[in-house]
1. Write down Rg/Rh for the stretch 50-170, rounded to two decimals, with Rg from the C-alpha atoms and Rh from the Kirkwood relation over Cα pairs.
2. At a Förster distance of 30 Å, what's the computed FRET efficiency of Lys144 paired with Lys213, Cβ-Cβ distance as r, to 0.05?
3. What 222 nm value per residue comes from the helices of the chain, counting each DSSP H run with n ≥ 4 as -39,500 (n - 2.57) and dividing by all residues, nearest 500 deg cm²/dmol?
4. So the label point goes 7 Å from the Cα of Ala427 along Cα→C-beta, right? Which residues of the stretch 287-306 then have their backbone N under 13 Å from it?
5. Could you list the trypsin sites (Lys or Arg not before Pro) in the stretch 172-232 that lie in coil according to DSSP, counting only those with at most 12 other Cβ atoms within 10 Å of their Cβ?
6. Within the accessible area of the chain, what % is carbon and sulfur when the probe is 1.4 Å and the other protein chains stay in place?
7. Three principal axis extents, largest first, for the C-alpha atoms of the stretch 436-544, in Å?
8. Rounded, prolate or oblate: pick one for the stretch 126-206, where a ≥ b ≥ c are the square roots of the eigenvalues of its C-alpha gyration tensor, a/c under 1.5 means rounded, and failing that, prolate if a/b is larger than b/c, else oblate.
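The values are calculated or read from the model by the stated rules, or taken from the named source; none is laboratory data. Please read these numbers as outputs of a predicted model, since none were measured by experiment. Cβ: placed from backbone, ideal geometry, glycine included. Neighbour counts: every protein chain shown. These area figures cover heavy atoms from the full protein model, side chains too; ligands, DNA and RNA do not enter into them. Shrake-Rupley method; radii C 1.70, N 1.55, O 1.52, S 1.80 Å.
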Amino acid sequence: MKMKRLDHRFIIQKLGGRLVNREKIIVIDFGGQYNQLVARRVRECNVYCEIYSYKTDLEKIKAMNPKGIILTGGPNSCYEADSPTCNKELFELGIPVLGLCYGAQLMMHVLGGKVEKADVSEYGKTEVLVDKTDSKIFKDVSDKTICWMSHTDYISQVAPGFEIAAHTADCPVATAQNEEKKLYAIQFHPEVLHTAEGTKMINNFVKNVCGCKGDWKMDAFVENTIKEIREKVGDGKVLLALSGGVDSSVAAGLLSRAIGKQLTCVFVDHGLLRKDEGDEVEGVFGPNGQFDLNFIRVNAQERYYKKLAGVTEPEAKRKIIGEEFIRIFEEEAKKIGAVDFLAQGTIYPDVVESGLGGESAVIKSHHNVGGLPDFVDFKEIIEPLRDLFKDEVRKAGLELGIPEKLVFRQPFPGPGLGIRIIGEVNAEKVRIVQDADYIYRDEVDKAVAAYKAEHGTAPSWMPNQYFAALTNMRSVGVMGDERTYDYAVALRAVNTVDFMTAEAAEIPFAVLQSVMSRIINEVRGVNRVFYDLTSKPPGTIEFE
């Protein structure tokens, strides 16, 4: 079989319900930490949005014909010679522009205003006083509103043609505007949840200023993407590695709806999934499932356990698990033979965080972005979810009829339980952590459901992610009249908005007691249960 590697820059097919005349907002990234958050907030207004580097050629931006442009924050000072900047012509295109933090300062600096280092820096929640209550940006916003500030420079003089629309006790220009030219400079961050009425402000910009209709809906995305896949694939064959995670599952659902049995999904069960998860994936996508496709399940549990025997270092375990997956997928691909397309579950944060969608530093290398397998004989890549954020992927999954249990499955690392087991991985340890994790999630889920039934809403302590991990610590215990020497299980639960920072969730003690009691009584090999209180930073959300 002939194998080949192709240059991803020229073959990636950005299928995603793209319409030539679809209204679009462009986010221009100046290295701000909230660039993805800005785009997500725009999309929450049902307006499509994409992120581009500040280095993007102005002609390319004009060719996109955006309805509006948003300039992000950034770590630099706009008046320094080597700082990121933009051409003055950007503000003369007749396209509405909203500058946020650094973007606001840059707008003033380029257009003839003045930006200086502030005597008093502003960080955190700050009361903003709205001076121009009739401003389109501040429609239905309170005269006094709490916003999130994060700056050491400030606008000391607005550019000609601008007027001050809001201020704070220490910041004379919290917002400046030139409504005639539809240019707005906001010193604070409306995109973060700490800004109480930030969503209103962004909605006001994209709807009231840019004139967007807000017709970017998930049902239209699904319908258009299925149509585009059919046109692109024709009678060709498509191969997809199905992990059982949300992204690959939704990609499989879209492709199946479009091309049926022209799609082959290879599901490698490495024995490191959560309890019963492999069977659940097969139940949805297998021969008796709800999707019409070719499903291949490779039960490789024993193969993985042999490879991992004696290995204790976390990164070494990650590499072994990843490399073994490649070997297995390669073996299955050779059996299948040549295909026309290789499908991947790449989503928009993968693209941005890999340095291909904006200006922010590369956060991670991603196996779906730029890492094309050289062992599959294929012509092109299809990435039907490449334009979507995770919450949008989940919405698409619901539109496709994928069960909620799978669509809202908690984040799960690629190496699976291999990194939630400290030290050597073996079948016995996998059994212990699977059973403990199942009990933990079951008890938390029951407590949340009971609270919702009584109060009609979720409890404030409800974690965004929660799981059990197996430590390599063993200690003495007493069960019945016998002495034991068994393992300790660690329970992890966090509350987080963006998974970049996190705090330990304050799960009620009674719930934790129930979890502890069940694990000790039902899981053979465990005699202690710990609760991890570590925040991120300094810790990580995962436990490895």
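1. Details: Rg = 15.0 Å, Rh = 15.6 Å.
On the Cα set of the stretch 50-170, Rg over Rh gives 0.96.
2. Details: r = 32 Å, r/R0 = 1.05.
For R0 = 30 Å, the calculated efficiency reads 0.40.
3. Numbers: 15 runs with 169 residues, N = 544.
Using -39500 (n - 2.57) per qualifying helix, the result is -9500 deg cm²/dmol.
4. 300-306
5. Working: sites: Lys181, Lys182, Lys200, Lys207, Lys213, Lys217, Lys227, Arg230, Lys232; in loops: Lys181, Lys182, Lys213, Lys217.
Within the stretch 172-232, the qualifying trypsin sites (Lys or Arg not before Pro) (loop, at most 12 other Cβ atoms within 10 Å) are Lys213.
6. Working: 11630 of 24080 Å².
It is 48 percent, rounded to a whole number.
7. Answer, in whole Å and largest first: 45, 35, 18 Å.
8. Values: a/c = 1.56, a/b = 1.08, b/c = 1.44.
Here the stretch 126-206 falls in the oblate category.
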